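Beneath this line is the structure, given in structure tokens, with notes to follow.
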Amino acid sequence: MRKKALVVILALGTVALAEGCRKKAEVRPPAAPVAPKNIVFAGVRSSNYGIKPFPEPVAWQKAIDAMNSRFPGATRGAVWIVGELKRPTSCRLFFPSDGKAYPNMEFAETDKHEEFLSHFDKTGTKVFLQVEPAQADLPTLIDLVLGRYKHHPCVIGFGVDVEWYRESDKPGWGIPVDDETARQWESRVKSHNPTYRLFLKHWDLNWMPKNYRGDIVFIDDGQEVKSLDDLLDAFQNRWADHFYPSPVFFQIGYNSDKPWWQTLDNPPQTIGRAIAQRVKQSCGIIWVDFTLRDVFKLTPEKSQDLMIGVKIYAHEGSLSELFAEWRSVGVNTVFVSPALAAQGQFGELARKQGISVFLILPVFFNPEELKNDPGLYALTDRGEKAKDDWVEFVCPTRPDYRSRRIDWIKTLVRELDPDGISLDFIRYFVFWEMVYPERTLGSIANTCFDRSCLDRFQKDTGISLPEGLDGAADAARWIMAKHGREWTEWKCGVITSLVRSIVDEVRAIKPKLIVNLHSVPWRETDFGGAIKVIAGQDLAALAALTDMISPMCYWHMLKRRPPWIREVVEDVYSRTKGLVVPSIQVGNAYLNDQLSVEEFKEALEEALRPPSGGVIFWNWDALAKEPEKKAAVAARLKDRNL
């Protein structure tokens, strides 16, 4: 049984473990099951990447309590990831440095975990703090993490996900831990508190110490099995029996296993009790955060409120009156240009009015840079500059430009302290606002085929372009004819990698920053899969990195009907399973046909239909100029339960 390579991992404390009953039982729990006594720890796993948006402390507690309630007598707790892998060799810790520099370690500017651990102190929850060490020195990591958090009564230990231990030496697996290394790590952990326990995690027992057991807890996070019986066989025969009588924990609830576990009655309880009946020693059951909201109701959560947003780029009048008007209409979020966000008391007024502020951050649309350096232009498959009307794009693979853009975003986050950022134009060039339903894939310009992209494509994929190709257009024809699939996957990777870098950097500054991504409003199969082929936006991959996706569903300018908005939202949600908040237009754009009040009201209804997480109006100026539409919004949003 193998485990999919995840991204980064962090974890919190452990608990006093006791020997439980050792009676053999049937694999399937009885009709009126009695909780096995050998389940001594039950809770959830928390990671920076596994659940979006990240729940508040009260919501995490609700999930922990819900999981623990399935197993009476077990200690309620969590595996809480505090340090995650940042490829290729670093461990990123979500708390500030002590002022020293450490090889292969990065630190955040603020502490993400303190408020959660303080909450767990009050509730009696117990946590293991976990890291994905990469090439960082493990004893130093132990000292930094426990030195910072050991004053919390909730902390009961430290854990290492071995899959990420020196992972760059053996990608996707990590390096096995030998007996002496395990002994040293455990001794280092107990030097901070003799009652603390070390856990080691992997899915292959050959990656665990061969003989040394000490006081270690061994966690199996295996997945990708076909049934509950297969999972039980693997957990017992290839893990628990091997480590008996040492305690063993099991992480369950992965998406890869969801096809079978979602058919079970009460999956956490059914799986957990079945495991315990097959395991002779003390055990723990941990539900992973990837599917936490699928099995537990985490309300109350701030994220459960529908987002009602407006886009605005400039304002010359009274900011106080502007915010008051937003509140009267029902707006709770503004998507704003950095220039306006920096104006006067904008941020202070937003906080007073309870309105969240997202900075609109264009990435590859940058007329100013292109004017200063025309060599940055992306090139189309026709060998032309990526420019159409007002839309003009920088080549997405220029490393210096990408670095400058990241630095620009980091500076804005530090200086303006927004609630969120909204990544715009983070894609390949396309003037999608003028792509109507009758268009075909071949009629839409494809990019980028400049020398930077061609060289990077060859280096990243190992595909060599033949000699004799005459310029960008010739190279484009050859690539799309011979390696179109590889080119598209590579393009998507270029965009995804930049989003990952941006998210990593801004979360190091402000861990709870919300990240939105504006997407082209194309369904998966529209125009022959153009969302990936042309725009390079793999929404499933992007949603895994961000907190929400906002497709720009400007139906009127695209010659669609209002029900199309819901179709786009449903399509995006089917691929991402995350928060989707469509943007809709308010006034006319590009077409002479009048956008009526009635059609706007219909569009608003379609935008708010589940699985939508709200609506964003493009833009406030247009809404403010049309009193009937503004009144329609206020009337519709008056009932906040919608």
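The values are calculated or read from the model by the stated rules, or taken from the named source; none is laboratory data. Not measured: the values here are computed from a predicted model. Note that we place each Cβ from the backbone using ideal geometry, even for glycine, and neighbour counts take in every protein chain shown. The protein model used for the area step is the full one, side chains on, heavy atoms only, and it has no ligands, DNA or RNA in it. Shrake-Rupley method; radii C 1.70, N 1.55, O 1.52, S 1.80 Å.
Among what's in the range 462-506 and is surrounded by fewer than 17 Cβ atoms within 10 Å (Cβ to Cβ) and of a type in the set (A, V, I, L, M, F, W, C), pick the residue that is nearest to the chain's Cα centre (by Cα). Top of the filtered list is Ile463. In the range 535-563, the qualifying residues are those that are without any contact (Cβ under 8 Å) to a residue 60 or more places away in the chain and of a type in the set (A, V, I, L, M, F, W, C), and the one that is farthest from Asp289 (Cα to Cα) is Trp555. Only residues that are in a helix (DSSP H, G or I) and open to solvent by 10 Å² or more (accessible area, probe 1.4 Å) were counted across the range 509-530, and they come to 4. Could you tell me which residue of the range 554-566 is nearest to Asp389 (Cα to Cα), considering only residues that are part of a helix (DSSP H, G or I) and in contact with an Asp or Glu (Cβ under 6 Å, 6 or more places away or on another chain)? Out of the qualifying residues, it is Ile565. Filtered by the rule that a residue be charged (D, E, K, R), open to solvent by 20 Å² or more (accessible area, probe 1.4 Å) and more than 14 Å from Trp326 (Cβ to Cβ), the range 608-634 gives Arg609, Lys625, Glu626, Glu628.
In the range 174-203, the residue that is nearest to Cys91 (Cα to Cα) out of those that are in contact with a Lys or Arg (Cβ under 7 Å, 6 or more places away or on another chain) and not hydroxyl-bearing (Ser, Thr, Tyr) is Gly174. Return a yes/no flag: does the range 69-86 have any residue that is more than 21 Å from Leu200 (Cα to Cα) and either polar (S, T, N, Q) or open to solvent by less than 40 Å² (accessible area, probe 1.4 Å) (or both). Yes, some residue in the range 69-86 is more than 21 Å from Leu200 (Cα to Cα) and either polar (S, T, N, Q) or open to solvent by less than 40 Å² (accessible area, probe 1.4 Å) (or both).
The condition of being in contact with an Asp or Glu (Cβ under 6 Å, 6 or more places away or on another chain) and open to solvent by 10 Å² or more (accessible area, probe 1.4 Å) holds for only one of Lys410, Lys459, that being Lys410.
Of the set (1) open to solvent by 30 Å² or more (accessible area, probe 1.4 Å); (2) touching a residue at least 40 places away in the same chain (Cβ under 8 Å), all apply to Leu232 but (1). Does the range 273-284 include one or more residues that are open to solvent by 10 Å² or more (accessible area, probe 1.4 Å) and under 22 Å from the mean Cα position of the chain (by Cα)? No, that holds for no residue. Consider Val160 carefully, then state whether it is open to solvent by less than 30 Å² (accessible area, probe 1.4 Å) and over 27 Å from Thr270 (Cβ atoms). In short, yes.
Sub-7 Å Cβ pairs linking a first residue in the range 290-304 that is under 9 Å from Pro55 (Cβ atoms) and hydroxyl-bearing (Ser, Thr, Tyr) to a second residue that is at pLDDT below 90 and outside any loop (DSSP other than H, G, I, E, B), at least 6 apart or interchain, number zero. Pairs meeting the criteria (first residue in the range 567-583 and farther than 10 Å from Ala607 by Cα and touching a residue at least 40 places away in the same chain (Cβ under 8 Å), second residue assigned to a loop (DSSP other than H, G, I, E, B) and of a type in the set (Asp, Glu), beta carbons under 7 Å, at least 6 apart or on different chains) are Asp571/Glu524; Arg575/Glu524; Leu579/Asp547. Taken over the range 368-406, the residue count meeting the criterion of being more than 26 Å from the chain's Cα centre (by Cα), within 20 Å of Met480 (Cβ to Cβ) and among the β-branched types (Val, Ile, Thr) is 1. Looking across the range 567-607, the residues that are out of contact with any Pro (no Cβ under 6 Å at 6 or more places or on another chain), part of a helix (DSSP H, G or I) and open to solvent by 50 Å² or more (accessible area, probe 1.4 Å) come down to Glu567, Glu570, Ser574, Glu598, Lys601, Glu605. So which residues in the range 115-160 are free of Cβ contacts under 8 Å to residues at least 24 places away in the same chain and more than 19 Å from Pro194 (Cα to Cα)? Residue satisfying the conditions is Lys122 alone.
Restricted to the range 531-544, and to residues that are in a loop (DSSP other than H, G, I, E, B) and modelled with pLDDT of 95 or more, which residue is nearest to Ser574 (Cα to Cα)? Filtering the range 531-544 for residues that are in a loop (DSSP other than H, G, I, E, B) and modelled with pLDDT of 95 or more, the one nearest to Ser574 (Cα to Cα) comes out as Asp538.
A count restricted to the range 311-358 and to residues that are hydrophobic (A, V, I, L, M, F, W, C) and assigned to a strand (DSSP E or B) stands at 6.
Scanning the range 56-67 for residues that are assigned to a helix (DSSP H, G or I) and open to solvent by 30 Å² or more (accessible area, probe 1.4 Å) yields Val58, Lys62, Asp65. Can Ile509 be described as over 22 Å from Glu384 (Cβ atoms), touching a residue at least 24 places away in the same chain (Cβ under 8 Å) and over 13 Å from the mean Cα position of the chain (by Cα)? Yes: the conditions hold for Ile509.
The number of residues in the range 383-407 that are exposed (fewer than 14 other Cβ atoms within 10 Å of the Cβ) and not polar (S, T, N, Q) comes to 6.
Of the residues Leu454, Leu423, Leu376, Leu441, the single one that is open to solvent by less than 20 Å² (accessible area, probe 1.4 Å), touching a helix residue (DSSP H, G or I) at 6+ places or on another chain (Cβ under 9 Å) and in contact (Cβ under 8 Å) with a residue 40 or more places away in the chain is Leu423.
Going by what's in this entry, would Tyr212 be described as more than 27 Å from the chain's Cα centre (by Cα) and either among the aromatic types (Phe, Trp, Tyr) or open to solvent by 60 Å² or more (accessible area, probe 1.4 Å) (or both)? Spelling it out, Tyr212 is indeed more than 27 Å from the chain's Cα centre (by Cα) and either among the aromatic types (Phe, Trp, Tyr) or open to solvent by 60 Å² or more (accessible area, probe 1.4 Å) (or both).
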